[in-house]
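Engineer: My questions will all concern the structure given below.
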Amino acid sequence: MDMLAIAAHPDDVELTCGGAVIKMVEAGYKVGVLDLTLGESGTRGGVELRRKESAHASKVMGIIHRENLGLPDAGVEHRRDYKLKLAQRIRALRPRTVILPYWEGRHPDHYIAGQIGYEACFLAGLAKLPLEGIPHRPYTILYASLYVPNLLPTFVVDITDQFEKKLKAVLCYASQFSPGQDWRNLFPSRGDCRERLAAQARHFGDMIGVRYGEPFVTREVAVVTDLVNMPVRSI
Ligand SMILES: [Zn+2]
């Protein structure tokens, strides 16, 4: 597998890096998604419905694989058994690049998924751990940082051409949307959803001079060999 996006709940990948996932699928890469929980603690939609919605969204994005680790929703914790369970799957799937949720934020499931995801990537490469299969450590770890809007990203992916498909994938999670207006705005209507996603993507797209973008953070330092043609903001 070329790229694996890991997130806490079904729909997190679609919302935070769905455009980048679609872009890599379109580029011919084999991309998969691993959700840590089924989102069973969510106010709306039962597990079966959310599973169906997730399968539908996967089809829209064109990914080759999606699985769920079955950790408890609202219960993603720093537990060794969770880290090993995830490391085992990373060994089995052998992604070159992993996308994780940014390691800080409001929802503990999100930021702990980023933290234990990082540790699991490391553990997957250790030969002497009680894991099956051949040790494997992803070459690159990227953090999707859209849920932390005030953060300055390391880079932004141009998703202008993927935006409509991203929106379509997000809207597969119909149970999470209100038919009408929701005054608390916890469950936006479909129209609100389009507006919100477009506003977010526009904000980050603006940083690199394109219409729509998705933000990422890296902890690793990038290698640059050509200073004349560095891919920075288009003018
Ligand atoms: Zn979530």
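Engineer: Would you pick out the residues in the stretch 149-166 that are more than 13 Å from Gly213 (Cα to Cα) and either among the charged types (D, E, K, R) or surrounded by 21 or more Cβ atoms within 10 Å (Cβ to Cβ) (or both)?
Structural biologist: Answer for the stretch 149-166, where residues must be more than 13 Å from Gly213 (Cα to Cα) and either among the charged types (D, E, K, R) or surrounded by 21 or more Cβ atoms within 10 Å (Cβ to Cβ) (or both): just Lys165.
Engineer: Also, I was wondering about something else. Give the residues of the stretch 23-44 that are outside any loop (DSSP other than H, G, I, E, B), in contact (Cβ under 8 Å) with a residue 40 or more places away in the chain and away from the ligand (no atom under 12 Å from the Cβ), sorted by residue number. Show your work before the answer.
Structural biologist: Filtering the stretch 23-44 for residues outside any loop (DSSP other than H, G, I, E, B) gives 23-26, 31-37.
Still in the list and also in contact (Cβ under 8 Å) with a residue 40 or more places away in the chain: 23, 26, 32, 34, 36-37.
Scanning the stretch 23-44 gives Lys23, Glu26, Gly32, Leu34.
Engineer: State whether one or more residues within the stretch 27-41 are over 11 Å from the mean Cα position of the chain (by Cα), β-branched (Val, Ile, Thr) and closer than 27 Å to His203 by Cα.
Structural biologist: Yes, the stretch 27-41 contains a residue that is over 11 Å from the mean Cα position of the chain (by Cα), β-branched (Val, Ile, Thr) and closer than 27 Å to His203 by Cα.
Engineer: Something else: Tell me, please, whether a residue that is within 30 Å of Asp206 (Cα to Cα), in contact with a Pro (Cβ under 9 Å, 6 or more places away or on another chain) and at pLDDT 95 or above can be found in the stretch 56-77.
Structural biologist: Taking every residue of the stretch 56-77 in turn, at least one turns out to be within 30 Å of Asp206 (Cα to Cα), in contact with a Pro (Cβ under 9 Å, 6 or more places away or on another chain) and at pLDDT 95 or above.
Engineer: Does Glu26 fit the bill of being touching a Cys at 6+ places or on another chain (Cβ under 8 Å) and at pLDDT 95 or above?
Structural biologist: no
Engineer: In addition: Quick one: in the stretch 143-172, of everything that is touching a Gly at 6+ places or on another chain (Cβ under 7 Å) and assigned to a strand (DSSP E or B), which residue is farthest from the ligand (Cβ to nearest atom)?
Structural biologist: Asp158
Engineer: Answer yes or no: is there a residue in the stretch 71-90 that is farther than 29 Å from Pro130 by Cβ and within 16 Å of the ligand (Cβ to nearest atom).
Structural biologist: Scanning the stretch 71-90 turns up no residue that is farther than 29 Å from Pro130 by Cβ and within 16 Å of the ligand (Cβ to nearest atom).
Results for (1) closer than 20 Å to Tyr147 by Cα; (2) of a type in the set (Lys, Arg); (3) open to solvent by less than 10 Å² (accessible area, probe 1.4 Å), shown as yes or no for each residue.
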{"site": "Asp2", "(1), (2), (3)": "no, no, no"}
{"site": "His9", "(1), (2), (3)": "yes, no, no"}
{"site": "Met24", "(1), (2), (3)": "no, no, no"}
{"site": "Ala27", "(1), (2), (3)": "no, no, no"}
{"site": "Leu36", "(1), (2), (3)": "yes, no, yes"}
{"site": "Gly39", "(1), (2), (3)": "yes, no, yes"}
{"site": "Arg51", "(1), (2), (3)": "no, yes, no"}
{"site": "Val60", "(1), (2), (3)": "no, no, no"}
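Engineer: Hey, another quick one. Part of a helix (DSSP H, G or I), closer than 30 Å to Val223 by Cβ, open to solvent by less than 60 Å² (accessible area, probe 1.4 Å) and of a type in the set (A, V, I, L, M), is that true of Ala201?
Structural biologist: So Ala201 passes the test.
Engineer: Filter the stretch 11-22 for residues that are among the hydrophobic types (A, V, I, L, M, F, W, C) and near the ligand (Cβ under 10 Å from one of its atoms); which is surrounded by the fewest Cβ atoms within 10 Å (Cβ to Cβ)?
Structural biologist: Our first condition is that a residue be among the hydrophobic types (A, V, I, L, M, F, W, C); within the stretch 11-22, this holds for 13, 15, 17, 20-22.
Okay, now just the ones that are also near the ligand (Cβ under 10 Å from one of its atoms), so 13, 15.
Values: Val13: 29, Leu15: 22.
Per the criteria, the residue is Leu15.
Engineer: How many residues, within the stretch 91-110, are within 16 Å of the ligand (Cβ to nearest atom), buried (at least 19 other Cβ atoms within 10 Å of the Cβ) and assigned to a helix (DSSP H, G or I)?
Structural biologist: 2
Engineer: Checking Ala55 against (1) open to solvent by 10 Å² or more (accessible area, probe 1.4 Å); (2) in contact (Cβ under 8 Å) with a residue 12 or more places away in the chain, which single condition isn't satisfied?
Structural biologist: Going through (1) open to solvent by 10 Å² or more (accessible area, probe 1.4 Å); (2) in contact (Cβ under 8 Å) with a residue 12 or more places away in the chain one by one, Ala55 breaks only (2).
The values are calculated or read from the model by the stated rules, or taken from the named source; none is laboratory data. Everything numeric in this text was worked out from a predicted model, so none of it was measured. As a convention, Cβ positions derive from the backbone with ideal geometry for all residues, glycine included, and neighbour counts pool all protein chains shown. For accessibility, only protein heavy atoms count, side chains too; no ligands or nucleic acids. Shrake-Rupley method; radii C 1.70, N 1.55, O 1.52, S 1.80 Å.
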